[in-house]
1. Got a sec? Which of Gly121, Gly86 is more than 20 Å from Leu11 (Cα to Cα) and assigned to a helix (DSSP H, G or I)?
2. Given the structure, is Phe105 touching a Leu at 6+ places or on another chain (Cβ under 6 Å) and of a type outside the set (Lys, Arg)?
3. Say whether the condition of being farther than 22 Å from Ala123 by Cα, free of Cβ contacts under 8 Å to residues at least 40 places away in the same chain, touching a Ser or Thr at 6+ places or on another chain (Cβ under 7 Å) and of a type in the set (Val, Ile, Thr) is met by at least one residue in the stretch 78-94.
4. Kindly indicate whether Phe60 is assigned to a helix (DSSP H, G or I), within 14 Å of Val8 (Cβ to Cβ) and modelled with pLDDT of 95 or more.
5. Any residue in the stretch 96-111 that is closer than 16 Å to Leu11 by Cβ and of a type outside the set (Gly, Ala, Ser)?
6. Quickly run through the stretch 89-113 and pick out the residues that are in a helix (DSSP H, G or I) and buried (at least 17 other Cβ atoms within 10 Å of the Cβ).
7. Counting just the residues of the stretch 22-41 that are of a type in the set (A, V, I, L, M) and not in a helix (DSSP H, G or I), which one comes out nearest to the chain's Cα centre (by Cα)?
8. From the list Ile46, Ile69, exactly one residue is under 23 Å from Ile120 (Cβ atoms) and surrounded by 15 or more Cβ atoms within 10 Å (Cβ to Cβ). Which is it?
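The values are calculated or read from the model by the stated rules, or taken from the named source; none is laboratory data. Values in this document were obtained by computation on a predicted structure and should not be read as measured data. We place every Cβ from the backbone using ideal geometry, glycine too, and count neighbours over all the protein chains shown.
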Amino acid sequence: MYHYTAIVTCLAVAFYFFTSTQVARARVAYGVKLPAISGHPDFERIFRIQMNTLEWMPIFLPSLWLFAIYIGDATAAAIGALWVIGRIVYFTGYREAVAKRSRGFAVQATACIVLWVGAIGGAVWRLVHG
């Protein structure tokens with residue numbers, strides 16, 4: 001069973017839900033009415049945080065689960081937790097200023113790369129070595 005990976009998956013989904021609620025709140029705070037996605041710079045940064053999180057989830061989630069299957073649940077969850085932490089750091093930085101998003105972005109991107117390399121490496125290893 002993959003209990004740890006399941007918990008990290010739920011944390012990632014919860015974070016995405018949180019970013020969605022932040023966009024809704026920012027719409028009200030900055031007067032950006034639907035269907036607009038631009039207007040106030042503070043709103044646009046919050047919106048990009050949510051969209052960037054959405055853009056990374058199809059990379060993160062399959063890599064997380066394949067890593068868990070081929071390498072191990074606890075290790076996948078630990079790296080996945082780093083991805084969530086990276087997204088939180090990205091959120092807090094980018095919310096303040098565009099220039100402050102880089103550290104969190106680097107953490108989450110590195111976690112994703114490690115998960116993907118581990119997933120493909122584990123799959124190839126098992127394919128070759130039975």
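1. Matching residue, one of Gly121, Gly86: Gly121.
2. In short, no.
3. No: zero hits.
4. So Phe60 fits the description; yes.
5. Looking through the stretch 96-111, at least one residue is closer than 16 Å to Leu11 by Cβ and of a type outside the set (Gly, Ala, Ser).
6. Hits for the stretch 89-113 are Val89, Tyr90, Phe91, Gly93, Tyr94, Gly104, Phe105, Val107, Gln108, Ala111, Cys112.
7. Out of the qualifying residues, it is Ile37.
8. Answer to the selection: Ile69.
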